[in-house]
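Everything below concerns the one structure shown next.
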């Protein structure tokens, strides 16, 4: 199973989605960087790697999922333009969740319980 959370750096809904996704993934045993990643749609101009505060949470911004490990989570992928990739999943707003290539949440904050059901 592979989950992608598409977010934006100034999205007012994204902090809630970040929390819900990480809580749900932790509960079902998914590993950040291996089973799920967060991608900043508007993070192409961010020099990575860098530690950056996003909406009150210190995030480790990295170039690829391989750069994420247990010592630098929470993390998000930045330094590239993920707009086309998101649009290929028919995602045009943040936050959005894609599971195994299918956009299941678009433009809203999911609940942890909703995500757990989707991940089963």
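Here, each number is a calculation from the coordinates, and none is a lab measurement. Predicted model, so just to flag it, every value in this text is computed and none were measured.
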What shape does the chain have by the C-alpha gyration tensor, where a ≥ b ≥ c are the square roots of the eigenvalues, rounded means a/c under 1.5, and otherwise prolate means a/b greater than b/c and oblate the rest?
rounded
Tell me, what is the percent relative contact order of the stretch 66-119, built from C-alpha pairs under 8 Å that lie six or more residues apart?
20
Run the helix sum for the chain: -39,500 (n - 2.57) per DSSP H stretch of 4+ residues, divided by residue count, reported at 222 nm to the nearest 500 deg cm²/dmol.
-7000 deg cm²/dmol
Among beta bridges that DSSP assigns inside the stretch 3-119, antiparallel share in %, nearest 5
55
Please compute the contact order of the chain in relative form: average sequence separation of alpha-carbon pairs under 8 Å and at least six residues apart, divided by the residue count, as a percent.
34
Separation between Cα centres of the stretch 1-38 and the stretch 68-103, rounded to whole Å:
9
